[in-house]
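Participant: Just dropping this structure here.
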Amino acid sequence: MFKPLVTSIAIAAGTLAFAGNAFAEYPDRNIQGTIQWGAGGATDNVVRSLTPYVEDILGTTIVLTNRPGGTGVIGMNHVMRQRPDGYNLLFGAENPELYQLMGLADFSYDDMQPINIIAQGLVVIAAPADSPFDSLSDLLDYAHEHPGELRMGGTGAGGLPSTVHAMINAVDELDVRTVTFGGDGPGITAMMGDHIDFMPLSLAAAGEQIRGGKMKGLAVLTKEEIDALPGVPPITEALPDIADFLPWGPFWGVFVRKETPQDVVGVLQDAYQQAVASDEFTRFLRDYGAEPLNLNGDEAQQYLDNWQSVTAWSMYDADPDSLKATPEELEIPRPAAAKTKAAAEDEAESEAAAE
C-alpha cells in the first residue's frame, strides 16, 4: 500500500533533480537576442560589439535580430510574447521608459527584468559645418528673435532629439520646426546637406563628423567640457538651470521578461557584468563616446527610475499637452533637485499672491 506513495516521491525527486540540472546547465542552446533599433545605429553597434565577449563567457551563440519600428515598441513587444526562460533577450535603449507617457504602448521596462544597464551615451547638439552659430547660446539668441524659423532634426516622439528639446524648453524657450528622420544617420546626412539647422545627437553617432570638421558641435549635454570634443562648451554655459537634470543621456541595456527564473537571471547578470567590465569593451565604449555603467539588480532599477523621473517631468513641464498621460497619473515622482521653468513660475506666482 506504500508503493504508490514511494513511487510518487521518487518521481517528484527525479523531476526536481532534472529541473535543477536544467538550470545548472543554462544555457544549453542558442539564445535569441532582439535589438529594438535598426542596423548601424548606436544600440546595434554597442550590442554587436559586446555580444562576442558574452558568448565566450556563456559558451553559446546569441543570435541577434534587428526588429525596429514604433520607437522600439515592435522589438520589445516581440520579446514580451516569448517564453520567460532566458532564451529571449531584449537589447534596448531608453525609449520604453516614455512609452506610457507618450501613449505609444501600455508597457515599459517596469514589465521587464534588467540584466545589465551597459552604458550611457553622451549627447551633442550639432549643426552644419558652415552654420552661423558657434554655440548653443548663439542659436538660442537667434531662435528667441525668430521663433518657428529654425529647423531641428528629430527621430519621432520620445526619441533623443525630442527629449532634449523638451528639457531645454523646461528651463528656457526654443520654438523650432521639427523635421523627422528614421534615425541619427539620415538626420546627419540631411544636416551635412544643409537641409536642417541643428540636431541633438548621440556623440557615438556624430563625434567623428564633428572632429573631422564635417559638422559643428554647439554644446555637449554635460556640466563640463569633455575630452572627446575639446572646444565644444557644456550646455550649462548657455542654460545654467539645466544642470539639475544632469547627468543625462541615452542608455543601452539588456532585459528579459520579469517572470524569468532567478537562477537564469543570475547567470545572465554575471556574464554581462564580466563582459562589460572587460578592458577591450570598456575601451570601445569610451572611443565610441559613451561611459560604462555596468549596473544590475537594485542599482539598475534605481538608474531606470531616476532617468524616467528626470525625463518625464521635464517633458511635462515643457509641453504637457503633447503627452497622453501625466507623470503624476503614472506615479512617476518628480525629481527632488530639479527646478524647472514651470516650477519657478509657479513659485513666483505663489509669492506674488502672498504679498
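Participant: Quick one: pull the percent of accessible area on the chain belonging to carbon and sulfur, 1.4 Å probe, ligands and nucleic acids left out.
Facilitator: 49 percent
Participant: Please give the calculated 222 nm ellipticity per residue for the chain, where each DSSP H segment of at least 4 residues contributes -39500 (n - 2.57) and the sum is spread over every residue; nearest 500 deg cm²/dmol?
Facilitator: After summing the helix terms and dividing by the residues of the chain, the value is -13500 deg cm²/dmol.
Participant: Looking at the calculated P(r) for the stretch 123-245, what percent of the C-alpha pair distances fall above 16 Å?
Facilitator: 56 percent
Participant: Moving on. Which peptide among 43-51, 101-109, 277-285, 119-127 comes first, and what is the full order, when sorted by highest mean count of other Cβ atoms within 10 Å?
Facilitator: Top to bottom by mean Cβ count within 10 Å: 119-127, 43-51, 101-109, 277-285.
Participant: Separate question: With a probe of 1.4 Å, find how much accessible area the chain has per residue, and write the answer as a whole number in Å².
Facilitator: 46 Å²
Participant: Something else now. Can you give me the relative contact order of the stretch 70-224 as a percent, contacts being Cα pairs under 8 Å and 6 or more apart?
Facilitator: So the answer I get is 30 percent.
Participant: Could you work out the relative contact order of the stretch 213-340, using alpha carbon pairs under 8 angstrom and six or more residues apart, expressed as a whole percent? Before the final figure, lay out each step's value.
Facilitator: Working: 87 pairs, mean separation 22.9, N = 128.
Reported relative contact order: 18 percent.
Participant: Calculate the translational D of the stretch 259-315 in whole µm² s⁻¹ from Stokes-Einstein, where the hydrodynamic radius comes from the Kirkwood formula applied to all Cα pairs, the temperature is 10 °C and the viscosity 1.306 mPa s.
Facilitator: Taking Rh from Cα pairs, D becomes 120 µm²/s.
Participant: Kirkwood Rh over alpha-carbon pairs of the chain, then Stokes-Einstein at 4 °C and 1.567 mPa s: what D in µm² s⁻¹, rounded to an integer?
Facilitator: Numbers: Rh = 21.8 Å.
D = 59 µm²/s.
Participant: Still on this structure: Amide H of Phe198 versus every other amide H placed in the peptide plane: which residues, excluding those fewer than 5 positions away on the same chain, fall under 5 Å?
Facilitator: When sequence neighbours closer than 5 places are left aside, the close amide H contacts are Arg151, Gly153.
Participant: Can you give me the Cα centroid spacing of the stretch 169-204 and the stretch 222-254 in angstrom?
Facilitator: About 17 Å separates the Cα centre of the stretch 169-204 from the one of the stretch 222-254.
Participant: Further, regarding this structure: Per-residue HN-Hα couplings for the stretch 171-187, Karplus 6.51 cos²θ - 1.76 cosθ + 1.60 at θ = phi - 60°, whole Hz, x for Gly and Pro?
Facilitator: The phi angles translate into 10, 8, 9, 9, 8, 9, 8, 9, 10, 8, 10, x, x, 4, x, x, x Hz.
Participant: Something else: Under unit Cβ charges (Lys, Arg +1; Asp, Glu -1), what dipole magnitude, rounded to 20 debye, does the stretch 123-245 have relative to its Cα centre?
Facilitator: 500 debye
Participant: Please express the shape of the stretch 134-188 as an equivalent ellipsoid: the semi-axes are the square roots of 5 times the eigenvalues of the C-alpha gyration tensor, given largest first in whole angstrom. Write down the numbers at each step before the final one.
Facilitator: On the way: eigenvalues 77, 31, 20 Å².
So the three semi-axes of the stretch 134-188 are 20, 12, 10 Å.
Participant: Starting from the residue with the highest accessible area, list Trp248, Trp37 in decreasing order, probe 1.4 Å.
Facilitator: Per-residue accessible area, sorted high to low, gives Trp37, Trp248.
Participant: Quickly rank 300-313, 231-244 as a protection proxy: mean count of other C-beta atoms within 10 Å, highest first.
Facilitator: So the order, starting with the most tightly packed, is 300-313, 231-244.
The values are calculated or read from the model by the stated rules, or taken from the named source; none is laboratory data. Given the structure is predicted, the values throughout are model-derived calculations rather than measurements. Using ideal geometry, Cβ is built from the backbone for each residue, glycine included, and neighbour counts are taken over all protein chains shown. Accessible surface is based on the protein model in full, side chains and every heavy atom, while ligands, DNA and RNA are left aside. Shrake-Rupley method; radii C 1.70, N 1.55, O 1.52, S 1.80 Å.
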